[in-house]
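Here's the structure we're looking at; comments come further down.
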Amino acid sequence: MIPSVNNLLLTEINEEDMPSKNYRMISESVRGTVDTERYVYPIYSWNYGIELVDLFGESVTYACPEITRRIEEALLQDERINSVDQFEFDTSKKHEVVCTFSVHTIFGDFQMEKEVSV
């Protein structure tokens, strides 16, 4: 007897984009989200995550343009994001840069903030 497929191969498959944050596990529960360092975890594509760890110990004059480039590179991997701009840096804290920037998406614009240890 030949098995039948019941037109399974003709069924339309819908793809859905998912948020790009990972869940953080704390004491066997899920609480909040966390960024993923790029190229560290083999289960993620190289297009996923952001490289920030290697900026620790670098000068602010080197770190600020690198943070801009890396944030743009990481966010523009997501097809829902059109552009990233208006970067501003607060370097008033020692060994920390707080970067604020605008994200322009297909859903609208919003402000983001990212703290980076340098």
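The values are calculated or read from the model by the stated rules, or taken from the named source; none is laboratory data. On a predicted model such as this, the values are computed, not experimentally measured, just so you know. FYI the Cβ positions are ideal-geometry reconstructions off the backbone, even for glycines, and counts take in every protein chain you see. What goes into the accessible areas is simple: the full protein's heavy atoms, side chains included, and nothing from ligands, DNA or RNA. Shrake-Rupley method; radii C 1.70, N 1.55, O 1.52, S 1.80 Å.
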When region 96-111 is checked residue by residue, the ones that are in contact with a strand residue (DSSP E or B) (Cβ under 8 Å, 6 or more places away or on another chain) and either in contact (Cβ under 8 Å) with a residue 24 or more places away in the chain or of a type in the set (Phe, Trp, Tyr) (or both) are Val97, Cys99, Phe101, Val103, Thr105, Ile106, Phe110
When (1) in contact with a Ser or Thr (Cβ under 7 Å, 6 or more places away or on another chain); (2) on the phi < 0 side of the Ramachandran plot; (3) modelled with pLDDT under 90 are applied to Asp17, the one that fails is (1)
Just to be sure, is Arg80 under 14 Å from the mean Cα position of the chain (by Cα) and open to solvent by 70 Å² or more (accessible area, probe 1.4 Å)? no
Residue hits (region 83-92; of a type in the set (A, V, I, L, M, F, W, C), under 12 Å from Val103 (Cα atoms) and over 15 Å from the mean Cα position of the chain (by Cα)) are Phe87
Turns out the strands (runs of 3 or more DSSP E) fully within region 28-118 with at least 2 residues that are of a type in the set (Ser, Thr, Tyr) are 29-34, 96-105
In region 83-109, what count of residues is obtained for those that are open to solvent by less than 90 Å² (accessible area, probe 1.4 Å) and on the phi < 0 side of the Ramachandran plot? 17
Contact list, first residue from region 26-47 and surrounded by 10 or more Cβ atoms within 10 Å (Cβ to Cβ) and at pLDDT 60 or above, second anywhere and assigned to a loop (DSSP other than H, G, I, E, B) and among the aliphatic types (A, V, I, L, M), beta-carbon distance below 8 Å, six or more apart or interchain, is Asp35/Leu52; Glu37/Leu52
